[in-house]
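Working notes, beginning with the structure itself.
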Amino acid sequence: MNDPIIAIAFFVLAAVLLISALAVVMLRNIVHSALFLALAFVSVAGFYILLNAEFLAAVQILIYAGAVMILLLFAIMLTQRANTPMSNVSNSQAGLAAIVAAAVFVVLAFVLSKTSWLTGAAAVTQPNTEVLGKALFDYYVLPFEIASVLLLVAMIGAIVIARED
Amino acid sequence: MNLNLLLPEISLCVLAVVLIVIDLLLPQGRKSILGYIALVGLAFPAVFTLSLAGVQQVSFSGALVVDQVSVFFKLLFLIAAALVILSSFDYTRRLSILQGEYYALVLFATSGMMLMASTRELISIYIALEFTSITLYVLAASIRNDAKSSEAGLKYLLLGALSSGALLYGMALTFGLTGSTVLNDIASALAQRGISAAAVLGLVFIAAGFGFKIATVPFHMWAPDVYEGAPTPITAFLSVASKAAGFALVLRVFLTAFEPAEKTWLPLFMVLAAVTMTLGNFVAIRQTNIKRMLAYSSIAHAGYVLTGLAAATAGATSGMLVYLLAYTLTNLGAFIAIIAFSGQVGSDQIEDYNGLSRRAPVVSLGLAICLLSLAGVPPMAGFISKVYLFAAVFDAAAKNSGLYYLVVIALLNSAVSIFYYLRVVKAMYFGPAATEESLHTAFSLRVALSAAVAGVLIVGIYPTPVMQAASVAAQVLFH
Amino acid sequence: MLSLNHFLLLGAVLFSIGLYGALSRRNAVAILMCIELMFNAVNITLVAFARFLAPAATASQSLAPVSTVGQVFTIFVITVAAAEAAVGLAIVLAIYRTRRTISVEDVDLMKW
C-alpha cells in the first residue's frame, strides 16, 4: 500500500466511482443513470483488485456489471414511456433526503476517522480463490445452503410475479 | 456439523419443493388439494421441532444454535404457518393466486424464520433474514393483476432493501471492530476493548435494520401500506410471525453480542418502546380500514414487547416470549375473521362491519374475543400476557427507575387502545345492518378461527405451561 | 500512504450518496439502483477490513481468519443483492403491466 502508483490508482478510481455515483443519483434520464451505475460497478471491482481480492473483482464484474446491469436495463427498456429525458426526477422529499444523507455522512466520517482499528503492521496475505472456496464449504456451509434456497425462492418468485397469463 | 439440528428447516424446504412438483402434475381445478398437503405436511417439521426440545447445542462452526429459545420460536412460527395456510384455502380460490407457489413460499418463509431464530453468526443471520424477507416480498405481491398487491410488494421490497443496507453497514462496522462475526466472540471482544463510538454506530445501524422487521418507529411506515395491499392471510403472517422472527433476532443479538454495551441500548429501546406504542395507538384511532387499523395496532404491540427489552432481565424476556405467543394467536384470529368477512362483504372498511353480529354471529363472536384480547381484557390471553410482561418490567425498575414511567406509559396506552378495538365490536353488535341476510363462512375459516380463539382462551385461562416454557427459554439467554 | 481510513471514508461517501438517491428518487428502478450503490459501499468497507485488520483480531471461537470472513461476507451480500434485484424488477414489471407507470408517487392507491 506504500507504492505511489497504488495511491494514484486509488484516487483516480475514487474520482471515477464518486462521480459516476453522483451521476446515478443526479441525472434525470434513467438510461444515463443506469450506464453510470455500470461504470460505478466496474470501478468498485478496481478497488477489490487494489485490496488484493481478485476473486471478488471477477464476481463483481460478472454479477453486478453483468447480470444485475442487464436486469436493470431490461426493466428500464420494458417500462419506459415516451418521456425518457425526465424519467428519473426527484420526489418532493429531496431536500429532506439531502439533509438525512449529509447527516449520516458527517456522523460516519467523524466516527470512522476517530476510531482506532486493529490493523495489522504487515500486509496480511489475502485468501485466494481456493481458500475462499474451502471456507465456503467448511465454516460457511450453513449460510451457503441458505443462499442456495434463497436463489431458488427468488427464481420461483420472479416467475410467479412476472409471468404473463 | 449436525444435520439433525436442521431437520425442521430442511423438512419445510423439501415439503415446499414437493408441493411445486405436485402442482405441475395436478390438472387445473384440482389445485385446492395443495393447501391440504401443505397443512398436513407441517406435521413433519412439528415433530422434528418437538424432538429438539431440551437440546442445547451449537453447530455449523458456531453459526447455528438449537436451544429452548429457538424451539419456542419455531413452534410459534409453525402455529402461525398452520393457521395462515388454513385461512388461505378460501382466499386463494377467490383471488387469482397461484396456489402451488403460494403455499410453497409460505413454507419457505416459515423455514427462513426458523433459521432467524437459530442463527448466532452475522453472515448467517443476514442470509436467513434476507431469505425470509425476499420470500415475503413475493408473497405480498402474489395476487395476480392486482395493482394494490404488486404495489405492496414493491414498497415492502424497496424499504426492506434500504433497511438491510443499514443493517449491513452496522454488521460491517461491528465486524471491523471485533474481527469476528460470531455473536459470542463479538461480545467478548467488545467487553475487552470497551464500547467505542464506532461500536455504538454499528449497534444503532443494526437496531435500525431489525427495527424495520418488527416495525418500530421510525421504521414503521411500510407496515400500514403493505398490510393493506398484501393478501390478507399474508398480512396476518407478516404481522405475527415475521415480527416474532425479528424479535428472536433482536433478543439474540442484543442480549448476546451487544450485552457489554447494555448501558447504550437500554435507554434507546426504552425511548423506542414508548414512542412506538404511543404513535401506533394514536394513529390507529383514526383509521377507517380495519386492515390499516390492525397494522397500527401491531406497531403498538411491537412497542409493548420492546418494553421487555428495555428491562433486559430474564423475567422480562420471558414476558416478551409469552406476549409474542399470545399476540400471535390473537392477531391471527382477528385476521382470520377479517378474511371471512371481506370474502362475503367485499370490504375492509370498519363502517361495513355494522350489524354483522346478526348476519354472522359465530365469526363476530370470534372477532370480538380477539379484539378484546388485543385490548387486554380478561380472561383472554392478551390480558394475562400484558400483566406478566409489565409486572416483570416493573420488577426490573428497581435498578432502572425510568422503567416505572415506561410501565405507566404502557398502561395508559393499553387504556387508549381499548377505545378503537371496542369501536369495531360496537359496530358489529350495535350498528345498524345494511341487510339482514346471513353470511356463509367457509368451513376452513371456521376451523381456523375456532383454533385461534381456543388458543386465546386456553392461554388466557391456564397460562402456566406457556409461562414455564418461556421462563426456561429466557434463562438460556442469560446463561 | 493508503490506510484503512481511506477506504472506509470512500465507503461512507458512497453509502451516503446511495442513501440520498434512495430517499429522493421517484422511479422505482432508480431507487433500486441507488440501494445497489449502498450495498457496494458496504462491500468496499468489508473487503477493506478483510485486507487491513490484524489476523490476531480474530477471536477464539470463529475459526476462519479475519481476511476470509470479510471476503466471504461480501460474496453473500452480492448474492442477495442480485436475488433482490431480480425479484424487485419482476414486481416492477407486474406493476407496469397493470398501471403503465412505475413512479412511486404516481402510484397512489395507497399513501407512500
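Counting only residues that are surrounded by 15 or more Cβ atoms within 10 Å (Cβ to Cβ) and closer than 24 Å to B:Val377 by Cβ, the stretch B:394-422 holds 14 of them.
This table checks each residue for (1) over 18 Å from the mean Cα position of the chain (by Cα); (2) under 19 Å from B:Leu329 (Cβ atoms); (3) among the basic types (Lys, Arg); (4) surrounded by fewer than 24 Cβ atoms within 10 Å (Cβ to Cβ).
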position	(1), (2), (3), (4)
B:Ala63	yes, no, no, no
B:Val66	yes, no, no, no
B:Ser87	no, yes, no, no
B:Val106	no, yes, no, no
B:Ser133	no, no, no, no
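Would you mind finding the one in C:Arg100, C:Arg26, C:Arg51 that is on the phi > 0 side of the Ramachandran plot and either at pLDDT below 95 or facing chain B (nearest Cβ under 9 Å) (or both)? It would help to see each step written out before you state the result.
On the way: C:Arg26 fails: on the phi > 0 side of the Ramachandran plot; C:Arg51 fails: on the phi > 0 side of the Ramachandran plot.
Criteria check complete, one pass: C:Arg100.
I'd like the full set of residues that are exposed (fewer than 13 other Cβ atoms within 10 Å of the Cβ) and of a type in the set (Gly, Ala, Ser), limited to the stretch B:2-37. Selection gives B:Gly29 alone.
Is it the case that the stretch B:85-106 has a residue that's small (Gly, Ala, Ser) and within 20 Å of B:Gly165 (Cα to Cα)? Within the stretch B:85-106, not a single residue is small (Gly, Ala, Ser) and within 20 Å of B:Gly165 (Cα to Cα). Report yes if B:Val40 is free of Cβ contacts under 8 Å to residues at least 24 places away in the same chain, surrounded by 14 or more Cβ atoms within 10 Å (Cβ to Cβ) and out of contact with any Pro (no Cβ under 9 Å at 6 or more places or on another chain), otherwise no. In short, no. Take the residues in the stretch A:137-147 that are over 21 Å from the mean Cα position of the chain (by Cα) and more than 7 Å from chain B (Cβ to nearest Cβ), then tell me which one is modelled with the highest pLDDT. The residue in question is A:Glu145. Looking only at residues of the stretch A:110-164 that are within 23 Å of B:Arg120 (Cβ to Cβ) and among the hydroxyl-bearing types (Ser, Thr, Tyr), we find that the one that is surrounded by the fewest Cβ atoms within 10 Å (Cβ to Cβ) is A:Ser148.
Inspect all residues belonging to the stretch C:26-45 and state whether any of them is surrounded by fewer than 24 Cβ atoms within 10 Å (Cβ to Cβ) and of a type in the set (Gly, Ala, Ser). Checked against the condition, which is being surrounded by fewer than 24 Cβ atoms within 10 Å (Cβ to Cβ) and of a type in the set (Gly, Ala, Ser), the stretch C:26-45 yields no hits at all. Residues in the stretch B:142-171 that are under 28 Å from C:Ala48 (Cβ atoms), more than 7 Å from chain C (Cβ to nearest Cβ) and in contact with an Asp or Glu (Cβ under 7 Å, 6 or more places away or on another chain): B:Ser164 alone.
If a residue has to be over 26 Å from B:Gln68 (Cα atoms), hydrophobic (A, V, I, L, M, F, W, C) and more than 14 Å from the chain's Cα centre (by Cα) to count, how many in the stretch B:281-327 make the cut? Before you say what the answer is, go through the steps one by one.
At the first step, the residues of the stretch B:281-327 found to be over 26 Å from B:Gln68 (Cα atoms) are B:281-297, B:299-300.
Keeping just the survivors that are hydrophobic (A, V, I, L, M, F, W, C) gives B:282-285, B:290, B:293-295, B:299-300.
From what is left, the residues that are more than 14 Å from the chain's Cα centre (by Cα) are B:282-285, B:290, B:293.
Total satisfying the criteria: 6.
One residue stands out in the stretch A:33-68 among those that are more than 7 Å from chain C (Cβ to nearest Cβ) and in contact (Cβ under 8 Å) with a residue 40 or more places away in the chain: the one that is surrounded by the fewest Cβ atoms within 10 Å (Cβ to Cβ), namely A:Glu54.
Residues that are in contact (Cβ under 8 Å) with a residue 24 or more places away in the chain and in a loop (DSSP other than H, G, I, E, B) within the stretch C:3-60 comprise C:Ser3, C:Arg26, listed in sequence order. What residue, of B:Phe72, B:Phe44, B:Phe48, is among the aromatic types (Phe, Trp, Tyr) and within 23 Å of B:Leu238 (Cβ to Cβ)? The match here is B:Phe72. The helices (runs of 4 or more DSSP H) located wholly in the stretch B:1-57 that include 2 or more residues which are on the phi < 0 side of the Ramachandran plot and of a type in the set (Ser, Thr, Tyr) occupy B:43-51.
If you check B:Ile134, B:Ile143, B:Ile123 for being farther than 24 Å from B:Ala208 by Cβ and β-branched (Val, Ile, Thr), only one passes: B:Ile143.
The values are calculated or read from the model by the stated rules, or taken from the named source; none is laboratory data. Quantities reported herein were computed from a predicted structural model and do not represent experimental measurements. No Cβ is skipped: glycine too gets one built from the backbone with ideal geometry, and neighbour counts run over all protein chains shown.
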